[in-house]
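Accompanying notes for the structure given below.
Laboratory data are not the source of any read-out in this text; all were calculated from the coordinates shown. Just so it is clear, the structure is predicted and the values come from calculations on it, not from any experiment. Ideal geometry is used to build each Cβ from the backbone, glycine not excepted, and the neighbour counts take in all protein chains shown.
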Amino acid sequence: MTGLISAEGLVRGDHGSLRLLAEPAGHPLFAQIFGAEPKSMAMAAYLAEQTGYDGIDINAGCPAYSVIRAHGGADLMRDLPRALAVVDAVRGTVKFPVTVKMRLGWEEQKTYLQLGRLVEKAGADAITLHPRTVNQGYGGKADWAAVQQLKRQLNIPVLASGDVIDSASYHQILHDTECDGILIGRGAIGRPWVFRQCLEGDESGRRPLVKTDDRKRAVLRYLTLLLKVPDRWTPYSNRHIQAFVKGMPNATKFRRAAACLGNWETANNLIQGYFEQMEERERE
Ligand SMILES: Cc1cc2nc3c(=O)[nH]c(=O)nc-3n(C[C@H](O)[C@H](O)[C@H](O)COP(=O)(O)O)c2cc1C
C-alpha cells in the first residue's frame with residue numbers, strides 16, 4: 001500500500017500528491033486514496049490503474065483532521081450515501097481490484113456493518129476493518145469480535161487491522177475473527193521482520209530470534225531508502241530509526257542521539273558506532 005494520497009490533490013496535479021503516486025517500485029502494490037467527491041475519487045483510481053498499480057484502496061477510516069475536514073477518510077462512515085457513491089464511481093471506472101479500509105464508525109454511531117454491506121453490494125473486492133471508533137483514535141483495545149461479526153455477514157474477504165504485534169497475537173486474531181488476512185501497523189515500526197515472525201512463529205509467541213546483525217542491516221536499509229525521500233529528516237524518520245533498537249542494551253542513549261538527526265552522515269555514524277559496540281559486547 002502507498003501512503004494515503006489525496007484524490008483532489010491528484011486531480012489538481014498537486015506535485016506532492018503526484019509524487020506519492022510514483023510508478024510502483026515493486027508488486028503487488030495498491031494505491032490508497034482519500035476524498036469525498038465520487039468523480040475525483042474515480043479519476044484518482046483511474047490514474048493509479050494507468051500508472052501500473054495493482055489495485056486501489058479507498059480510505060474510510062483515517063481520523064486525521066485534515067482528512068475529515070475534506071469529508072474524506074472516516075467522515076465517510078457518517079455519510080453512507082456519499083460513501084456508497086464513492087465506491088460506486090470508483091468501481092464503475094477501473095477494472096483492477098477495489099478495496100475499502102474502515103473503522104467501526106463514530107462513537108455515537110457504529111456504521112461498519114451497514115457500510116460493509118453497501119460496499120460489498122457496490123462490488124468491492126475486500127474490506128479491511130480497524131475495529132476502533134474514530135473517537136478512540138489508537139487507544140484502548142481493538143474490538144476483534146467486531147471483525148468476526150463483519151466477516152460472518154459478508155462474502156468478500158475481510159481483513160483485520162489492530163493490535164497484531166507478534167506470532168501469538170497473529171494466531172489469536174485469525175482464530176478469534178475468522179478473518180481472511182491481517183495488516184500490521186505499529187507492530188512493524190522498527191521491526192520489519194515481524195511479518196516473517198508471524199508466519200514462522202507459533203501460537204505461544206515463540207519465534208525465530210532476531211540477530212543483532214539483522215537489526216543493523218534493517219536500520220541501514222531504512223537509511224538508504226530514506227535517501228530517496230525529499231524532506232527526509234522529520235520527527236517521524238527519527239522515531240523510526242529509534243524504534244530499530246527498542247529493547248536493546250544502551251537503547252536510551254541511542255534514542256536520545258537519534259531524536260534530532262539532520263543528515264545522513266550523522267545518522268550513519270550513530271548507527272555504525274552503536275552496532276560496533278553491540279558486536280563487541282557479544283564477542284566478550
Ligand atoms: C502513524 C500511523 C499512520 C497511519 N496511516 C495510515 C494510512 O495512511 N492509511 C490507513 O489505512 N491506515 C493508517 N494507519 C492505521 C493503521 O493502518 C492501522 O489500521 C492501525 O494503526 C491499527 O493497527 P496496528 O495496531 O497494527 O497499528 C496509520 C496508523 C499510524 C499509527
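Over 18 Å apart at the Cα level, from the set 121/141; 110/151; 95/121; 101/228, are 121/141; 101/228.
When the P(r) of region 1-81 is calculated, the portion above 22 Å amounts to 18% of the C-alpha pairs.
Out of every Cα-Cα pair that region 133-194 contains, those further apart than 21 angstrom amount to 23 percent.
Does region 124-278 come out rounded, prolate or oblate by the C-alpha gyration tensor, with a ≥ b ≥ c the root eigenvalues, rounded set by a/c under 1.5 and, if not, prolate when a/b is larger than b/c and oblate if not? Note, shape of region 124-278 comes out prolate. In terms of its C-alpha gyration tensor, region 105-157 has a prolate overall shape, because the principal axis ratio a/c (a ≥ b ≥ c, square roots of the eigenvalues) is not below 1.5 and a/b outweighs b/c. Protection proxy ranking for 68-75, 257-264, using the average of other Cβ atoms within 10 Å per residue and placing the highest first: 68-75, 257-264.
Potential lengthening of the chain between residue 211 and residue 22 amounts to 64.7 nm, from the contour at 0.36 nm per residue minus the alpha-carbon distance. Beta bridges assigned by DSSP with both partners in region 1-127 are antiparallel in approximately 10 percent of cases. Of the DSSP H helices in the chain, those that are both long (alpha-carbon extent of 18 Å or more along the helix axis) and hydrophobic (Kyte-Doolittle mean at least -0.5) are 38-51, 80-93, 212-226. What is the ratio of the Cα radius of gyration of region 66-132 to 2.2 N^0.38 Å, with N the residue count, to two decimals? Compared with the compact-globule rule of thumb, region 66-132 sits at 1.05. Relative protection proxy for 98-106, 244-252, 122-130, from highest mean packing down: 98-106, 122-130, 244-252 (other beta-carbon atoms within 10 angstrom).
Quick query: amide H of residue 5 versus all other amide H atoms, modeled in the peptide plane; which residues come in under 5 Å with a sequence gap of 5 or more or a different chain? Amide H to amide H, under 5 Å and 5 or more residues apart or across chains, residue 5 pairs with 32, 33, 34.
Here region 167-230 is treated as a Stokes sphere of Kirkwood radius computed over C-alpha pairs; at 4 °C and 1.567 mPa s its diffusion coefficient rounds to 98 µm²/s.
In µm²/s, what is D for the chain at 37 °C and 0.692 mPa s, where D = kT/(6 pi eta Rh) by Stokes-Einstein and Rh is the Kirkwood radius from Cα pairs? Value of D from the Cα-based Kirkwood radius: 161 µm²/s. By the Stokes-Einstein formula, at 0.890 mPa s and 25 °C, region 212-283 with its Kirkwood radius over alpha-carbon pairs has D equal to 200 µm²/s. For region 4-163, pairs of C-alpha atoms spaced more than 18 angstrom apart make up 54 percent of the total.
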